[in-house]
Amino acid sequence: MKYKNTTYAKFIDRRNRFIAQVELDGKVETVHVKNTGRCKELLLPGSDVVLSKADNPARKTQYDLVTVYKKGLGWVNIDSQAPNQVVKEWLNTSPELFENITFLKPEYTYGKTRVDFYLECDSRRIFIEVKGCTLEIEGIGYFPDAPTERGVRHLYDLAEASGKGYECYIAFVISIPGVRKVLPNVKTHPEFGMALTAAKKAGVKVLYLPCNVKPDQLSIADVVMDQ
């Protein structure tokens, strides 16, 4: 995926989960942060960031903050909508893991939950739940960076679907250069780690999807299956 109408700015501060202030062309600009996670190790005063200009000129915030530069690491994409988009683009290439896709539907309702992707490959019935990873510690990715009850519920729903004959995956899209594996952030949300362990025991497979990250682009570079 590639953003349109991007520009560089300097991060100043984050006022709440949704907005931040940046220095753009010598002026202070209020922008929308496309990630409700903490991102404390990324959104530091003075950090270089990339903004994508909104299509709607009447919108209150004219820019979305989508990428931030972390010293010693590189560009990190923090757009929470990007992981699903790059997975959709990847699936449309008929990757080796999911060849012969005959049906593909994003945001598929299963019971009382909504799974990111449902697809059929000949006789295979497959669910894929996507999680974006932006937290890195000493070369390892961690998820989540803030408690996610929704993420826990998704894991138990996948475990249930796996018991009913569906092929189920949780796919961690890693928007951090050089990171190829994600561990559950049990310090922040131990319940997620417990749910992931239970899901894996129920047959849910874990995929790590390291990405190529550029200031204005994101794409899946590799597929790593959890062992």
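Derivation of every value follows stated rules applied to the coordinates shown; laboratory data play no part. As the structure is a prediction and not an experimental result, all values here were calculated from the model. Counting neighbours? That spans all protein chains shown, and the Cβs are built from the backbone with ideal geometry, glycine included.
Dividing the mean sequence gap of close Cα pairs (under 8 Å, 6+ apart) by how many residues the chain holds gives a relative contact order of 17 percent. Along its principal axes, the stretch 6-77 has C-alpha extents of 37, 24, 18 angstrom, given from the largest down.
Taking R0 as 45 Å, what's the FRET efficiency between Arg17 and Asp122 from their Cβ-Cβ distance, rounded to 0.05? Result of the calculation: an efficiency of 0.60. Rounded to two decimals, the Cα-based Rg/Rh of the stretch 44-97, with Kirkwood Rh, is 1.10.
Cross-linked pairs Lys10/Lys40; Lys4/Lys60; Lys2/Lys131; Lys2/Lys205; Lys60/Lys88: Cα-Cα separations exceed 21 Å for Lys2/Lys205; Lys60/Lys88.
Dividing the alpha-carbon radius of gyration of the stretch 95-227 by the rule-of-thumb value 2.2 N^0.38 Å gives 1.03.
With neighbours defined as other Cβ atoms within 10 Å of a residue's Cβ, the residues Asp25, Asp48 order from fewest to most as Asp25, Asp48. Report summary: the helix-based calculation at 222 nm, which adds -39500 (n - 2.57) for every DSSP H run with n ≥ 4 and divides by the residues of the chain, gives -5000 deg cm²/dmol. Under the simplified labelling scheme, the Met194-Leu97 pair shows an inter-label distance of 2.8 nm, with each label point 7 Å from Cα along Cα→Cβ.
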